[in-house]
Amino acid sequence: MNNHEQIEERVTLLSLFKNRNYILILLSSTFTGFAFSIFLLAETWYVVDELNNQAALGLVLAATSLPRVLFMVFGGAYADRLKGSVLMLLSNFIRSVLIAKMDILIIFGLLDVLTLILFALLFGVLDAFYWPANNTIVPALIPKEQLTRANSFLELSFRLTFISGPLIAGLLLTLGSFELVFGTVVVLLLVGAICILPLLGFETEKTRAKTTIFRELRDSFQYASKSQFLIGAMTISIMTNLIITGPGTMHSPIIVSDILEGSAFDLSLLEASFAIGMVLGALIVATWNKRRGMISVTRLILLGRRLLLLSQSTTLWQAIVVLALIGIAISIGDIPIRTLIQENTDPQMLGRVTGMLGTASRGLAPISYMITAWLLSISISIGTILLVSGLVLICTACLSFWRLRGFVSAD
């Protein structure tokens, strides 16, 4: 990159952070991300420590996460009907009231497992409306040439909240109480909602024919099925989540326990290296805005090769390095895909398309876990699973170059 291009990059970056609307979106997303990650850890520890009901832990986590995945497509549909800022505001405000009521029940010792599951369910459903709305408001308020950088810093913020959120929750629980932690979640959600208030007047009203939600969802499926670009984006995203999530997540505790004979600290190092890699990937994408379709597919080959390396890792430092590289590769592909979808999708369809993509890709995570668990149960080693997964990703990339040219050539 020559001096002229470097100057242009800096000017563009400065103009992005001088955009008040973008800063407000970034702040709202950050506070909301912190609220979700702190809530997630606090509810799990409440079940284990306060209620002493480990058997219900899976139900509570499922109540939070599954509605978030399943209802995201409906959140996308409403994001196409209403202002994204209105949906984000309502999602955060209603959740703050919800968690405040839950906190009151904790104060009086009235929060049992069933009530907690109900609150977790409602929290997950409301969260499913926030993020599709967030995806629709960004391209409405940010110039097209700055979208990739804008999404990079939003992704960076999201990753940092999920790294540091549990640490903050643990610190608050150590120094304070459950009432303090859930009260903090209420404050974070309210601040996230307040950040959205100034944006209500900047977003244009969405006028569209009055049809049912299910009719609009059907239209979005038909719209996506006719676009080679969207088919490519969804195929890449779905395959990445299906193949990486289960083997990649289960690898760390298994290698620490069975191969390294390490401790919980060793496991935390592996998890941290992956998260740091994703943060570095987001920073890399913030400075690169060319041949994004090609990069998104090429990184599948890089991911495949790194899974092959991970399958052969026998020391802690090897696993740390490879997991960091995997985190980088995931970010440098996922962020351009999201930006390309925002740029190439009809604005009237954007909410539904992003919601559909989120449901399709994240909804495959439980399937990936189940397949990996089943393979492990029939005595197939995690190393073999990673080896095969890496080869499948490389084959997926090769097929994508051949069959998904409309996506590969997107820029």
Of the conditions (1) at pLDDT 85 or above; (2) out of contact with any Pro (no Cβ under 8 Å at 6 or more places or on another chain), the single one that residue 40 does not satisfy is (2)
Residue check for residue 231: aliphatic (A, V, I, L, M) and surrounded by fewer than 18 Cβ atoms within 10 Å (Cβ to Cβ): yes
Test set (1) closer than 20 Å to residue 38 by Cβ; (2) in a helix (DSSP H, G or I); (3) at pLDDT 90 or above - residue 170 fails condition number: (3)
Collect the residues in the stretch 261-279 that are of a type in the set (A, V, I, L, M, F, W, C) and either surrounded by fewer than 16 Cβ atoms within 10 Å (Cβ to Cβ) or in contact with a strand residue (DSSP E or B) (Cβ under 6 Å, 6 or more places away or on another chain) (or both), keeping them in residue-number order. 264, 265, 272
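Just name the residue that is nearest to residue 69 (Cα to Cα) out of those in the stretch 241-298 that are small (Gly, Ala, Ser) and without any contact (Cβ under 8 Å) to a residue 12 or more places away in the chain. I'd like the intermediate steps shown before the answer.
Keep residues of the stretch 241-298 that are small (Gly, Ala, Ser), which gives 246, 248, 252, 257, 262-264, 268, 272-273, 275, 277, 281-282, 286, 293, 296.
Adding the requirement that they be without any contact (Cβ under 8 Å) to a residue 12 or more places away in the chain leaves 257, 263-264, 268.
Details: 257: 31, 263: 32, 264: 29, 268: 26 Å.
Per the stated criteria, the residue is 268.
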Considering only residues that are at pLDDT 85 or above, surrounded by 17 or more Cβ atoms within 10 Å (Cβ to Cβ) and among the polar types (S, T, N, Q), which ones fall in the stretch 45-100? 85, 91, 92, 96
Residue 313 passes all but one of the listed conditions (1) of a type in the set (S, T, N, Q); (2) in a helix (DSSP H, G or I); (3) modelled with pLDDT of 80 or more; the exception is number (2)
Residue count for the stretch 114-163, restricted to those that are among the hydroxyl-bearing types (Ser, Thr, Tyr), crowded, with 19+ Cβ neighbours inside 10 Å and farther than 21 Å from residue 198 by Cα: 3
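The values are calculated or read from the model by the stated rules, or taken from the named source; none is laboratory data. Just so we're clear, the structure is a prediction, and the values are computed from it rather than from any experiment. Every residue, glycine among them, receives a Cβ derived from its backbone with ideal geometry; neighbour counts consider all protein chains shown.
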